[in-house]
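The values are calculated or read from the model by the stated rules, or taken from the named source; none is laboratory data. Computed from a prediction, not measured in an experiment: that's the story for all the values here. When we count neighbours, we look across all protein chains shown, and the Cβ atoms used for this are built from the backbone with ideal geometry, even at glycine.
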């Protein structure tokens, strides 16, 4: 799908920090912006391939000048993919053409809906995986992460596991054996936002997903996200979205203009 198709329900779908239960490969063909990948903030531009394994924190700009395509791969073991996030800046024209061709082949399969489509898509995704792993090998090992970067990645992994439990940021700092002040400092340094903001964005994104993409009762969503009551969840919604959970569920026409 295109990035525009991925954000059909609002830019928040990619711009807010979140975690996915599937693997994602994004091919940027135009524009530049900022990316938050496994807790680390960095820039991206045209001819960047960005890979996010299932369960890793991610957010990216989706301004109107940014164009690209995305491949969603279920994390069910049918396709072998790396377990670490990757950002590949492709300068080689052949590598760019190969990746574009793989996306075109897969789009053609989906559009024509020919027999054995599911098998064909698994085969195409496997070829995409081979291309990705070859490029990772060609680019060589990533630079050694600093102590601050390693700490933020550990915090990111804890968030991915527990952001929906209602734990306070200080509880994560305690598990990491550091002070909340130090955790906030390194998150601001590496991710461009505080540790509390990272946690809040995760909850905001999941709340919107559950309200917009499921028929789960609002009180159950509140419980699922670790809120003590539906009233507390409603206050959270009003604070961050300027709208009640019911308004968010009804759709963009009922919401203030907040992206």
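Sort out which residues of the stretch 26-55 are in contact with a helix residue (DSSP H, G or I) (Cβ under 9 Å, 6 or more places away or on another chain) and over 18 Å from residue 91 (Cα atoms), and write them in order of number. Of everything in the stretch 26-55, those that are in contact with a helix residue (DSSP H, G or I) (Cβ under 9 Å, 6 or more places away or on another chain) and over 18 Å from residue 91 (Cα atoms) turn out to be 36, 38, 39, 40, 41, 55. Looking across the stretch 223-233, the residues that are in contact with a helix residue (DSSP H, G or I) (Cβ under 7 Å, 6 or more places away or on another chain), on the phi < 0 side of the Ramachandran plot and in contact (Cβ under 8 Å) with a residue 12 or more places away in the chain come down to 224, 225, 227, 230, 233. The number of residues in the stretch 144-190 being assigned to a helix (DSSP H, G or I) and within 26 Å of residue 53 (Cβ to Cβ) comes to 30. Scanning the stretch 194-203 turns up at least one residue that is in contact with a strand residue (DSSP E or B) (Cβ under 8 Å, 6 or more places away or on another chain) and crowded, with 16+ Cβ neighbours inside 10 Å. Within the stretch 73-83, the set of residues being surrounded by 11 or more Cβ atoms within 10 Å (Cβ to Cβ) and more than 20 Å from residue 110 (Cα to Cα) comprises 81, 82.
Pairs, please: C-beta under 8 Å, at least 6 apart or cross-chain, first residue at positive phi and in the stretch 137-150, second loosely packed, with under 11 Cβ neighbours inside 10 Å? Correct list of pairs: empty, since none qualify. Of all the residues in the stretch 76-102, those that are over 20 Å from the mean Cα position of the chain (by Cα) and within 20 Å of residue 47 (Cα to Cα) number 13. State whether one or more residues within the stretch 198-208 are without any contact (Cβ under 8 Å) to a residue 24 or more places away in the chain and part of a helix (DSSP H, G or I). The answer is no, given that none of the residues of the stretch 198-208 is without any contact (Cβ under 8 Å) to a residue 24 or more places away in the chain and part of a helix (DSSP H, G or I). Any residue at all in the stretch 129-150 that is more than 25 Å from the chain's Cα centre (by Cα), in the same structural domain as residue 19 (by TED's automatic domain parsing) and more than 23 Å from residue 43 (Cβ to Cβ)? No - not one qualifying residue is present in the stretch 129-150. Condition (residue is part of a helix (DSSP H, G or I) and closer than 21 Å to residue 7 by Cα) applied to the stretch 229-237: is it met by at least one residue? Yes, some residue in the stretch 229-237 is part of a helix (DSSP H, G or I) and closer than 21 Å to residue 7 by Cα.
Residues in the stretch 43-72 that are within 21 Å of residue 19 (Cβ to Cβ) and free of Cβ contacts under 8 Å to residues at least 40 places away in the same chain were compared, and the one that is surrounded by the most Cβ atoms within 10 Å (Cβ to Cβ) is 52. The residues of the stretch 104-122 that are in contact with a helix residue (DSSP H, G or I) (Cβ under 9 Å, 6 or more places away or on another chain) and either surrounded by 11 or more Cβ atoms within 10 Å (Cβ to Cβ) or not assigned by TED's automatic domain parsing to the domain that holds residue 30 (or both), listed by number, are 105, 106, 109, 110, 117, 120, 121.
In the stretch 176-188, the condition of being surrounded by 14 or more Cβ atoms within 10 Å (Cβ to Cβ) and closer than 24 Å to residue 14 by Cβ is met by at least one residue.
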